[in-house]
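The values are calculated or read from the model by the stated rules, or taken from the named source; none is laboratory data. What you are looking at is a predicted structure, and each value in this text was computed from that prediction instead of being measured. Methodologically, a virtual Cβ is constructed for each residue, glycine included, from the backbone with ideal geometry; neighbour enumeration extends over all protein chains shown. Heavy atoms of the whole protein, side chains included, go into the accessibility calculation; ligands, DNA and RNA do not. Shrake-Rupley method; radii C 1.70, N 1.55, O 1.52, S 1.80 Å.
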Amino acid sequence: MNLAIIVLFGVTLMYISIAERFATYLKLVALQGVLLFFLAFSELSGANDLASLIFVVAETLIFKAIAVPVLLRNIVKKMKVAKVHAKAVPAFYSLLLVLVAMGVSVVLGDMLKIGNIEKIFMITALFAVFTGLILVITHKKIFPHLVGFLVLENGVFMFSLAVGSEMPFLVNVGILLDLFASVLILGVFASRIGKRLNDPDVEDLSSLKD
Amino acid sequence: MLYFFIISVVLVGLMLSIRKPLACKVLSGLFITNLIALLVRAYASKGQTELAYFTFDGTAIIMLSLMVAVAIPAYIHSFYYLTHESDRGIPLYIAGLTGLLTSLVGVYLSNNLIVLWVFMEATTLTVSVLIYHHRSTHALEATWKYIFVSSIGIALAYMGILFLGTIVSNSGDIPLSYKGLEVLAASANPAYLRIAFLFILVGFSTKMELFPMHTVGIDANTIAPPPISAVMSTLMVNGGFVAIYRLLNILDGTIVGQWASNVLILSGILSVIIAATYLLKSNNLKRLLAYSTLENMGLVAIALGIGGVARYAAFIHIIAHTFLKAALFFQVRQVRNTFDTYEISKMGGYIRHYSAGALVLMLGTLGIVAFPPSGLFVSELTIFKAMLAQERWILFTVLVLVLLCCVYAIVQKLLSILYAKETVKPTGFKLSMSLTAVQYLLIGLAFYVFFFKDGFVMNLINEAIK
């Protein structure tokens, strides 16, 4: 079961790297949220700490699968355009970059074997972190930057789940990161930047330079 | 310790709920008293741990003392700035500043990587409110960049902490305490330690204003009100320094200790090179000072990497830099009041318009370029000596050349404000002599560092680098 979820998560990462429509980003982020919810549930259901299980599972469901996609949908609705039409790098190259990132993740995951962490967890988590960073680097629009950050954060959360089956304390701290970043970043974007700029490019935010 | 946090949170709550400037002044006074009481307690209970996650060690006490020295003038300048120039959002500003200082106390005193990380996250939240104070498009841009890049940094640092977490998963110790990690790291998988170090270094470089995530700090310093820039360029970077220094201490006794030191040296030299490039180019007074912070933090990173006596120099450098940079940023506001611009090429003849402030700028310039008797002279000399003792000739040569560029740029630009012919008409704004007096005091402290031979501060530094 876990393996299927993780593989599906990996597929969403490949898809998100070549997606161009904002609505597709939105669906993929929501799907990742749902997948992480199932993963959190199945990973931590064996743990003794019931309160921790409820907390983690509720957080993934409420925030990752519901609140973040809803916030993103509100932002997309406010925008006048629905598609990324100005990429810093063409889709073919971003796919190539993502494939390289996958290769690097596999090599790193293999190198960094730890007895009690499944290799596939590590590889997918690293792959998500790299994909998030690639999304930020290869796009000029700010909306894909947001999505890139959320994907990166999902990768970090996935890794914390792998480590956290033994240290729930770390998973809870990861959730703090989630709440903090999602609320602050999406909140600022939705309430300030989105209002001032209907279709914000990074060029619109480059007045501060020497 | 618990009382400090409870009182601080209550004070922030009161500032936000009463929303009266006078009440904010009284509450800020109470916060400063609270901070001083904590410092006294820290001195009295040196070496002790409180609430399991906070320890009053040498590093913490030094940083806490610096905080008191900068926080008091920061509040004074802030109130002057808010009441004389901008009536916008006093309660939110003061509450944000109080929240930032409270979070930084947590960063300094924590003895646990996770607790440090949580407080570091809180600094991003509080400082964002302050960067956005002017509510302008520039402020929005700087705030957005700061939040976005800091959040990526924080996520990466958390990833690094998770890697460290894997080595302690089966230990019975308090999770991720520095002491516990030091013991466990010695027998840990080196690949994990390397990756953890890289992630955490990149993550916290946003706070220490060090390559590779230095850019957001520069933009934030440019836009934030000058008293906040002073706090960010000193107390906040000190927070980043504490985080990276604690991590380095954990790795020191391990097989990757030398590798981590070399990575820090690389990060440091790249920071100094980037700073030199932009110092020569920059025409904005606040950006100039922000790049100077990048240069100095680069030097501190190099000192940490070289190790031995250079670590002592790193602490001296941090102390002197804190006093000098705070004084300069405070003075920047008075320069701005005089010329109504931050563009250096438009300013000039400041010595005629306000000689007391010009003297602060002159002494600050000499201090920041490590001209004796600046405290930075002692630290830089010690760093160079340590570098030569280890026969790092290439590093020495590159660093000397790059620092010469920095000195040229800073002296030429800051002194042009004093003596060049101005192209804008001075505003005639009546400047406060008492604020300038506070800046003299800070510069005096930076010069006093030059004469440190032994005594309490030296003991603290020796304890911190033990």
Next on the checklist: Tell me yes or no: at least one residue of the range B:36-44 is more than 22 Å from residue A:173 (Cβ to Cβ), modelled with pLDDT of 90 or more and aromatic (Phe, Trp, Tyr).
Outcome noted: yes
Checklist entry - Restricting attention to the range A:125-164, and to residues there that are open to solvent by less than 10 Å² (accessible area, probe 1.4 Å) and of a type in the set (Val, Ile, Thr), which single residue is nearest to the chain's Cα centre (by Cα)? => result A:151
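Is there a residue in the range B:33-56 that is among the aliphatic types (A, V, I, L, M) and under 30 Å from residue B:430 (Cβ atoms)?
Pass one, the range B:33-56, residues among the aliphatic types (A, V, I, L, M): B:35-40, B:42, B:44, B:51-52.
From what is left, the residues that are under 30 Å from residue B:430 (Cβ atoms) are none.
No.
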Next on the checklist: If a residue counts only when it is within 14 Å of another protein chain (Cβ to nearest Cβ) and modelled with pLDDT of 80 or more, which helices (runs of 4 or more DSSP H) contained entirely in the range A:60-150 have at least 2 such residues?
Outcome noted: A:91-111, A:119-138
Checklist entry - For the range B:139-233, which fully contained helices (runs of 4 or more DSSP H) count at least 2 residues that are more than 27 Å from residue B:79 (Cα to Cα), more than 10 Å from every other protein chain (Cβ to nearest Cβ) and in contact (Cβ under 8 Å) with a residue 12 or more places away in the chain? => result B:178-185, B:190-208
Checklist entry - Restricting attention to the range A:154-210, which residues are touching a strand residue (DSSP E or B) at 6+ places or on another chain (Cβ under 8 Å) and at pLDDT 70 or above? => result A:162, A:163, A:210
Next on the checklist: Against the definition (within 12 Å of the chain's Cα centre (by Cα), hydroxyl-bearing (Ser, Thr, Tyr) and part of a helix (DSSP H, G or I)), how does residue A:25 come out, yes or no?
Outcome noted: yes
Item to check | Scan of the range B:283-300 for residues that are at the interface with chain A (Cβ under 10 Å from one of its Cβ atoms) and either charged (D, E, K, R) or surrounded by fewer than 23 Cβ atoms within 10 Å (Cβ to Cβ) (or both), ordered by number | outcome: B:283, B:284, B:287
Item to check | Odd one out for residue B:115, checked against (1) open to solvent by 10 Å² or more (accessible area, probe 1.4 Å); (2) more than 14 Å from chain A (Cβ to nearest Cβ); (3) β-branched (Val, Ile, Thr) | outcome: (2)
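For the structure I just gave you, tell me whether residue B:82 is modelled with pLDDT under 95 and closer than 21 Å to residue B:437 by Cα. Before the answer, list the steps.
Working: modelled with pLDDT under 95: yes; closer than 21 Å to residue B:437 by Cα: yes.
Against the criterion (modelled with pLDDT under 95 and closer than 21 Å to residue B:437 by Cα), residue B:82 qualifies.
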Checklist entry - When the range B:423-466 is examined, which residues are found to be open to solvent by less than 70 Å² (accessible area, probe 1.4 Å), in a loop (DSSP other than H, G, I, E, B) and closer than 30 Å to residue B:245 by Cβ? => result B:452, B:455
Item to check | Neighbours by Cβ (under 9 Å, 6+ apart or cross-chain): first from the range B:301-312, on the phi > 0 side of the Ramachandran plot; second outside any helix (DSSP H, G or I) and not aromatic (Phe, Trp, Tyr) | outcome: B:307/B:390; B:308/B:390
